[in-house]
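Quick notes on the structure that follows.
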Amino acid sequence: MIKASLRELSAALAQKKISSVELSTLFLERIERLNPTLNAFISVDRDKTLAQAGQADAAIAAGGAGALAGIPLAYKDIFCTEGWATTCGSKMLANFVSPYDAHVVQLLKAAGLVTLGKTNMDEFAMGSSNETSFFGPVRNPWDTAKVPGGSSGGSAAAVAARLAPAATGTDTGGSIRQPAALCGLTGLKPTYGVVSRYGMIAFASSLDQGGPMAKSAEDCALLLSAMAGFDPRDSTSLARPVEDYARDLDQPLAGLKIGLPREFFAEGMADDVRAAVDAALAEYRKAGAVTVEVGLPNSGLSVPAYYVIAPAEASSNLSRFDGVRYGHRAPEYSDLFDMYCKSRAQGFGAEVKRRILIGTYVLSHGYYDAYYLQAQKIRRLIADDFAQAFEHCDVIMGPTSPGVAFDVGAKSDDPVAMYLSDIYTIAVNLAGLPGMSIPCGFGAGGLPVGLQLIGNYFDEARMLNVAHRYQQATDWHLRMPEDI
Ligand code: GLN
């Protein structure tokens, strides 16, 4: 059961081979046994989970329950979940119990999915290794000396270790795709505006997008179909018809044009990653796809542009955490101003403070034009590069991460080295495009390598088809860590 796909779980539940309470108990027991080593979950609440599972069983018994009803799902702790602690990996929100559900949570609950718990993450989703969490680092199930990636590292470790059949994540600059790559999972960041940001604690609002992290493209398609949809409470949510993202999974790949960005295949990619990516491309050619070289000449500017834009938006978004309305409040202070200062000094960790300082600086009078406006112009150039590339291809491929999972502690004192972990993923967020990572082999130390797929706007169904056909022909996505 722990290895089963969502379709298999759905069938087993429908045929009453297992109940949702039994299935949820199975995963809760694994969490109890393995979470002390992995630290993938921040909150688990057996009673709440089993109560919801009981309701799902009743709905299944009554008939007419949806296909995903009764399947347990873990949520990144950035999603507000009614009655559950929602910490965003921060001391600032360590005691915050959300009074409402995020739109994504509402939709997934309405589809009958059972909340298995809340997963660990980098503080306010700022990081690429899950080491900035107030709740401590998450360990990679493939090698517990390594990071799982970030910021959705708890979700990635949970699914990789089969503590959950699937999970949600968010991706501002790579936080679904990079941990999916480092943990051997399939993760999808949708086109900006496809998934509502309502109730998803804001980091950089023009970049943030929620999405699924699962074992396969098919599972991601089923989850995305349930979590996407227009929501008037998010002003950037797009009013588009609901889609069945699994509709094209089996389409043949003959004639598919894969664009390979010259800049992604230049220096910077580790040899083991390159070997796995090249082998995956050979597999695609075998399936009838053709590869063409494309250029993304401004992609080298994506990390610097992102580290102006994302901190600028973060400094504004995080100003709400002032110790007054909710969140941590310093126990002792002399006056109102002192309370703000102490609450924020105590509540935020070092990386979050660094981003607030950078963001405040680049938005300040006299620097706004030089940094923020320049970065916005670069953002446009990056989007234009992709538009031109997609005139020559259907999907773009390359590595997700420049290397496999690194040691816990290896980059935590070097922010720039950490920022470069997202060198292949960030441009996708700046352009608002959909992107995925799928497992495509193993590199040094037997650690997973991810292949990145980038689609044109709203081409999720096509991208999922391209990923699914590869997963029909290979079994990388079925491998799981030993001893787990
Ligand atoms: N690692 C990047 C950062 O630290 C991206 C994080 C994300 O996508 N949430 O900002």
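The values are calculated or read from the model by the stated rules, or taken from the named source; none is laboratory data. On a predicted model such as this, the values are computed, not experimentally measured, just so you know. When we count neighbours, we look across all protein chains shown, and the Cβ atoms used for this are built from the backbone with ideal geometry, even at glycine. We work out accessible area using only protein heavy atoms, side chains counted, and drop any ligands, DNA or RNA first. Shrake-Rupley method; radii C 1.70, N 1.55, O 1.52, S 1.80 Å.
Only alpha carbons enter this Debye calculation for the range 123-165, each as an equal point scatterer, and the log10 of I(q)/I(0) it gives at q = 0.26 Å⁻¹ is -0.82. Evaluated at q = 0.09 Å⁻¹, the base-10 log of the normalised Debye intensity for the range 227-375, with identical point scatterers placed on the Cα atoms, takes the values -0.60. Rounded to the nearest 20 debye, the dipole magnitude of the range 147-296 is 140 debye, with +1 charges on Lys and Arg beta carbons, -1 on Asp and Glu beta carbons, and the Cα centre as origin.
Remark: accessible surface ordering of 365, 103 (largest first) is 365, 103, probe radius 1.4 Å.
Spatial offset of the range 33-81 relative to the range 215-245 amounts to 20 Å, using the alpha carbon center of each.
Take the Kirkwood radius over Cα pairs of the range 88-210, plug it into Stokes-Einstein at 25 °C and 0.890 mPa s, and you get 170 µm²/s for translational diffusion. The Rg/Rh ratio for the range 295-433, using Cα coordinates for both the radius of gyration and the Kirkwood hydrodynamic radius, is 1.07. Amide H contacts of residue 441: 449, each under 5 Å away and 5 or more positions distant or on a separate chain (H built 1.01 Å from N in the peptide plane; Pro and chain starts excluded). Near residue 470: Cβ cut-off under 15 Å, other residues only, Lys/Arg at +1 and Asp/Glu at -1. The net charge is -2. Sorted from greatest to least, the principal axis extents spanned by the alpha carbons of the chain come out as 66, 54, 45 Å. Only the Cβ atoms of Lys and Arg (+1) and of Asp and Glu (-1) were treated as charged; on that basis the dipole of the chain about its Cα centre amounts to roughly 500 debye.
When all protein chains stay in place and ligands, DNA and RNA are ignored, the 1.4 Å accessible-area order of 382, 484, largest first, is 484, 382. Per residue of the chain, the DSSP helices (runs of n ≥ 4 H) give a summed -39500 (n - 2.57) that works out to -11500 deg cm²/dmol at 222 nm. Summarising the amide proton neighbourhood of residue 291: residues at separation of 5 or more, or on other chains, whose placed amide H is nearer than 5 Å comprise 258.
Across the range 190-349, the relative contact order, built from alpha-carbon pairs under 8 Å that are at least six residues apart, equals 21 percent.
Scanning the chain for GluC sites (Glu not before Pro) that sit in a DSSP loop and have at most 15 other Cβ atoms within 10 Å, the longest stretch containing none of them is 1-266.
The alpha carbon radius of gyration of the range 249-301, expressed as a multiple of 2.2 N^0.38 Å, is 1.28. Taking a sphere under 13 Å around the Cβ of residue 67 and counting the other residues whose Cβ falls inside, with K and R at +1 and D and E at -1, yields a net charge of -3. Simple spin-label estimate for residue 377 and residue 251 gives 3.9 nm between the two label positions (7 Å along the Cα-to-Cβ direction from each Cα). Beta bridges assigned by DSSP with both partners in the chain are antiparallel in approximately 70 percent of cases.
Solvent-accessible area per residue in the chain equals 36 Å², computed with a 1.4 angstrom probe and all protein chains kept.
In this structure, the residue pairs whose Cα-Cα separation is over 25 Å, taken from 16/48; 215/353; 257/411; 91/411, are 215/353; 257/411. Only Lys, Arg, Asp and Glu carry charge here, each on its Cβ (+1 for the first two, -1 for the last two); on that basis the range 352-484 has a dipole of about 380 debye about its Cα centre. Which whole-number percent is the relative contact order of the range 181-274 (Cα, under 8 Å, 6+ apart)? Relative CO of the range 181-274 lands at 25 percent.
Rounded to the nearest 0.05, the FRET efficiency derived from the C-beta distance between residue 51 and residue 338 at R0 = 45 Å is 0.55.
Considering only 319, 280, 297, and ranking their Cα positions along the charge dipole of the range 265-372 that arises from unit charges at the beta-carbon of Lys, Arg, Asp and Glu, the one farthest toward the positive end is 319.
For the range 160-268, the residue among 202, 187, 260 whose Cα projects farthest onto the positive side of the dipole built from Cβ charges is 202. Per-residue Karplus couplings for the range 93-101, computed as 6.51 cos²θ - 1.76 cosθ + 1.60 with θ equal to phi - 60°, are listed in order as 10, 4, 10, 7, 9, 5, x, 8, 9 Hz, Gly and Pro entered as x.
Computed 3J(HN,Hα) for the range 282-288, one whole-Hz value per residue from the Karplus formula 6.51 cos²θ - 1.76 cosθ + 1.60 where θ = phi - 60°, is 4, 4, 5, 5, 4, 7, x, glycine and proline marked x.
Over all orientations, the range 1-123 has a Cα convex hull whose mean projected area works out to 7.5 square nanometres.
Annotation: amide H of residue 393 has no partner in the under-5 Å range at sequence separation 5 or more or interchain, hydrogens built in the peptide plane. In whole percent, and with a 1.4 Å probe on the protein chains, what portion of the accessible area of the chain is carbon and sulfur? On the chain, the fraction of accessible area on carbon and sulfur atoms equals 54 percent. Shape descriptor for the range 181-236: Rg over Rh equals 0.99 (Cα atoms; Rh from the Kirkwood inverse mean 1/r).
Seen from residue 263, the other residues with C-beta closer than 13 Å to its C-beta sum to a net charge of -2, counting Lys and Arg as +1 and Asp and Glu as -1.
Our summary gives the chain a relative contact order of 18 percent, counting only alpha carbon pairs under 8 angstrom and 6 or more residues apart. Taking the Cα centroid of the range 267-325 and of the range 85-129, what is the distance between the two, rounded to the nearest whole Å? Result: 24 Å between the Cα centres. For residue 234, the solvent-accessible surface computed with a 1.4 Å probe is close to 10 Å², ligands and nucleic acids excluded.
Ordered from largest to smallest accessible area (heavy atoms of protein chains, 1.4 Å probe), the residues 355, 285 come out as 285, 355.
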